[in-house]
1. Cross-link partners among aspartates and glutamates for residue 214, C-alpha distance below 17 Å, same-chain residues fewer than 8 apart left out?
2. Over the chain, what is the relative contact order in percent, taking alpha-carbon pairs closer than 8 angstrom and at least six residues apart?
3. Roughly how many Å is it from the Cα centre of the stretch 200-264 to that of the stretch 84-157, as a whole number?
4. For the stretch 1-94, what does the relative contact order come out to in percent, with C-alpha contacts under 8 Å and a separation of six or more?
5. List the aspartates and glutamates whose alpha-carbon lies under 14 Å from that of residue 2, not counting same-chain residues fewer than 8 positions away?
6. Relative contact order (percent) for the stretch 158-252, with alpha-carbon contacts under 8 angstrom and 6 or more residues of separation?
7. At 222 nm, what helix-only mean residue ellipticity would the chain give, in deg cm²/dmol to the nearest 500, using -39500 (n - 2.57) for each DSSP H run of four or more?
8. Label-point separation (nm) for residue 241 and residue 63, each offset 7 Å from Cα along Cα-to-Cβ?
Amino acid sequence: MKQRILGSQGLTVSAQGLGCMGMSNTYGPADQTEAVATLHRALELGINFFDTAEQYGPYDNEALLGRAFTGRRSEVILATKFGFDIRDGKTVGVTSDPAHIREKVEGSLRRLNTDYIDLLYQHRIDPLVPVEDVVGVMADLVREGKVRYLGLSEAGVANIRRAHAVHPISVLQSEYSLWERNLEADVLPALRELGIGLVAFSPLGRGFLAGTAKRAEEYPPSDFRHLDPRLQGENFDRNMEAAAIVRELADHRLVTPGQIALAWAMHKGDDIVTIPGTRRRTFLEQNVAAAEITLDEMEMAVLDNALKQVSGLRYSKERMAMVDR
């Protein structure tokens, strides 16, 4: 697995990382034994960049990584996040109260079984707290050696600029894929102007681009995808029709649709790292193989045009309200 550098501060990670959220029952019950085996297999395949957050579980996901990487801390780059208001095991909103950031980070350090976090994100912008105040505390943690690099998740251009003026931001994490292109108009140009890398989550469209997604109604209410507007009703039908070109190109290349989708994202720039989420070794190995697929200019152009118009919002209205756009 090749390496890529994210941001001007030199954060160097594997060109593909692993999103670990689904290992903590976000998409239905997870097999913890298989999850640990998948994490270990990722290391064998050259992945060293692992993405988690206190919200995943909540808390269970960080603890899972802490157990899985005991004795192997030097081999991994751990990224985690704070910024949600979690009460009685449920997320009830966003909060980045500076008075509690240290407490949250100490909890993450404890669960991850480490004395430093490689990459710390503010998970969502808190509209009640200036981002300068949040990044000020995060920067103090860098100076103290508890954090190495800083990131933002789902932030808009104005807050990215304001945060970067306080302390260099190495990474923005946001959804980016063949069927979610909202970053291209203004966010990506701003990142490249400032020298900030992009970590693209859901590069497979929560399974849609891999051909494994079902209608939202078929998922249980506990599954994150149950409320995905793009998988509901007529939206699902329209999007399936638009994604036919991905399936056709995959058939022509004798690879999977998901591998084509990942290859497309990895071809969009050396400052982009995808973190496809999986909890099974079989899918992990398929995803890693996508890093070896080369797409020519004509194939990229066909894919660029295929899913420019996606039917449905990417989150429910309640979740979209937490995205800084």
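Just so it is clear, none of the values below were taken in a lab; they were calculated from the coordinates. Please read all numbers here as calculations on a predicted model, not as lab measurements. FYI the Cβ positions are ideal-geometry reconstructions off the backbone, even for glycines, and counts take in every protein chain you see.
1. 223, 228, 234, 237, 241
2. Value for the chain: 21 percent.
3. 31 Å
4. 25 percent
5. 44, 270, 271, 292
6. Computed over the stretch 158-252, the figure is 20 percent.
7. -11000 deg cm²/dmol, from helical runs alone.
8. So the two model labels end up 4.8 nm from each other.
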